[in-house]
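Written out below as structure tokens is the structure these notes cover.
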Amino acid sequence: MDDWEKVISFGALYEGLEKARRNVMWKDSVSGYSLDGLENTLRLQQELRDGTYRISDYQRFMIHEPKEREIVATRIRDRQFQRSLCDNVLYDEMTRGFIHDNCACQRGKGVDFALDRMNAHLQRYYRKHGSSGWVLRCDIRRYFPETPHEVAKEAIRKRVKDPRCCLAAEEIVDSFGGDRGIGLGSQVSQLVELSVLDPIDHYIKERLRIKHYVRYMDDFILIHEDRAALESAKRVIAEKVNALGLEMNRKTQISPLKNGIRFLKWRFILTDSGRVIRRISRQSVVKERRKLKKLAGKIRRGEIPEEYLWTSFQSWRANARRGNAGRQIYEMEKLYNQLKEEIENGREGKPGGAADEGGSESGSRSCAV
């Protein structure tokens, strides 16, 4: 069985549906499609076999956290096919040649992996060069929205052997419209964008001989003892990025290692003793405090259930525990408990309120401080 037949086999497509609908069955479109999942899978398989399959129109919407970005949501039917395409062919063929420190959107990798790799590189750097040195932080301006389609498709052609699988992936790139821009929110998009910068990864590691290098999508860090070497690397990287039809943004700069490294909303500090301290950004703390206060206000007005406050706090605390943020967690716990107490006091003053009915499950949650 060749790769394309493997992708469009009934079993692979149905498995793709099971994975694509995971955690989103609450959506009417997903539950409705899944209700006739066997029949819909058979219909999809037939369209893929006879060449009549077409990608549905995307749902587009804006998100504002951590920054304003347009999300291009893929319909469940298309996600089903793309999941099968990625799991059975694209993932292995497109990630096979990646360097170890290409950290985003891969099995066994992600934010925690990237943060731990940064720790490891700093510790290794210290053993050879101490705590003095230089850091080049590179970031690409509007990476997903500005990636040329031809560059993205060339990255696919270089890696995917089966011509029908290659063509299917190229059609997904073209489906976003125009000749630039890869939609954020598609599994294929993530693999393609990881691949577009892969030649630069290899150039940095193999030609420039930069040992301490970490990349998370379009955010990458180089550490070196010689500033002149990083100045030269910065020029070459900018030229190679420009050759792809992209450009570096204003965040791209060289700074002393003593000033710390900002990466994925964390600040890494290499001390004179060789210890690596990982501090959460002040922006993250300020945003969460404002968010908790805003949620508490909505809860008091009866606009949202109380568990929203708990969920937000828990999510923030889980992230904060990735680093040395004990004091910030302590202060956030104090704020959470204070807001929770104010909500409970407000309910006690309202006869017939939720507290009179025994309270909610989240109402029993509190944090010891």
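The values are calculated or read from the model by the stated rules, or taken from the named source; none is laboratory data. What you see is a predicted model, and the numbers here were worked out from it, not measured in a lab. In this analysis, Cβ positions are derived from the backbone assuming ideal geometry, glycine residues included, and neighbour counts consider all displayed protein chains. Only protein heavy atoms, including side chains, enter the accessible area calculation; ligands, DNA and RNA are left aside. Shrake-Rupley method; radii C 1.70, N 1.55, O 1.52, S 1.80 Å.
Taken over region 218-240, the criterion of being open to solvent by 20 Å² or more (accessible area, probe 1.4 Å) and either charged (D, E, K, R) or touching a Phe, Trp or Tyr at 6+ places or on another chain (Cβ under 7 Å) (or both) is satisfied by ASP218, HIS224, GLU225, ASP226, ARG227, GLU231, LYS234, ARG235, GLU239, LYS240. Of all residues in region 223-240, those satisfying the criterion of being touching a helix residue (DSSP H, G or I) at 6+ places or on another chain (Cβ under 6 Å) and either small (Gly, Ala, Ser) or not in a helix (DSSP H, G or I) (or both) are ILE223, HIS224, GLU225. Scan region 261-305 for residues that are open to solvent by less than 30 Å² (accessible area, probe 1.4 Å), more than 29 Å from ASP219 (Cβ to Cβ) and out of contact with any helix residue (DSSP H, G or I) (no Cβ under 6 Å at 6 or more places or on another chain) and report the count. Of the residues in region 261-305, 1 are open to solvent by less than 30 Å² (accessible area, probe 1.4 Å), more than 29 Å from ASP219 (Cβ to Cβ) and out of contact with any helix residue (DSSP H, G or I) (no Cβ under 6 Å at 6 or more places or on another chain). Only residues that are in contact with a Ser or Thr (Cβ under 9 Å, 6 or more places away or on another chain) and either without any contact (Cβ under 8 Å) to a residue 24 or more places away in the chain or not in a helix (DSSP H, G or I) (or both) were counted across region 182-215, and they come to 5. If you go through region 306-335 and keep only what is open to solvent by less than 30 Å² (accessible area, probe 1.4 Å) and either of a type outside the set (Ser, Thr, Tyr) or over 27 Å from the mean Cα position of the chain (by Cα) (or both), you end up with GLU306, LEU309, PHE313, TRP316, ARG317, ALA320, GLY323, ALA325, ILE329, MET332, GLU333, LEU335. Against the test of being modelled with pLDDT of 95 or more, touching a strand residue (DSSP E or B) at 6+ places or on another chain (Cβ under 9 Å), of a type in the set (A, V, I, L, M) and farther than 25 Å from LEU184 by Cα, the options LEU208, LEU197 yield a single qualifying residue, LEU208. For region 151-173, filtered to residues that are without any contact (Cβ under 8 Å) to a residue 12 or more places away in the chain and among the hydrophobic types (A, V, I, L, M, F, W, C), the residue that is least open to solvent (accessible area, probe 1.4 Å) is CYS166.
Considering region 108-119, the residues that are free of Cβ contacts under 8 Å to residues at least 12 places away in the same chain and open to solvent by 20 Å² or more (accessible area, probe 1.4 Å) include one that is farthest from the chain's Cα centre (by Cα), namely ASP116. Within region 241-276, which residues are under 27 Å from PRO199 (Cβ atoms), among the charged types (D, E, K, R) and over 20 Å from the mean Cα position of the chain (by Cα)? Within region 241-276, GLU247, ARG250 meet the criteria. Among the residues of region 241-260, the ones that are outside any loop (DSSP other than H, G, I, E, B) and open to solvent by less than 40 Å² (accessible area, probe 1.4 Å) come to 5 in all. In this structure, VAL151 does satisfy being in contact with a Gly (Cβ under 9 Å, 6 or more places away or on another chain) and either more than 28 Å from ARG267 (Cβ to Cβ) or of a type in the set (Asp, Glu) (or both). The residue pairs whose first member lies in region 47-61 and is farther than 18 Å from THR74 by Cα, whose second member is open to solvent by 80 Å² or more (accessible area, probe 1.4 Å) and polar (S, T, N, Q), and whose beta carbons are closer than 9 Å, counting only pairs six or more residues apart or on different chains, are THR52/GLN46. Checking the stated criteria, LYS67 turns out to be at pLDDT below 95 and of a type outside the set (Ser, Thr, Tyr). When the residues of region 195-219 are filtered to those that are β-branched (Val, Ile, Thr) and under 17 Å from ALA104 (Cβ atoms), which remaining residue is farthest from the chain's Cα centre (by Cα)? Result: ILE204. Looking at PHE144, PHE176, can you tell me which residue is in contact (Cβ under 8 Å) with a residue 12 or more places away in the chain, in contact with a strand residue (DSSP E or B) (Cβ under 9 Å, 6 or more places away or on another chain), open to solvent by less than 70 Å² (accessible area, probe 1.4 Å) and under 30 Å from LEU257 (Cα atoms)? Going through PHE144, PHE176 in turn, the sole match is PHE144.
For ARG96, the conditions (1) out of contact with any helix residue (DSSP H, G or I) (no Cβ under 7 Å at 6 or more places or on another chain); (2) farther than 26 Å from GLU18 by Cβ; (3) charged (D, E, K, R) are fulfilled apart from (2).
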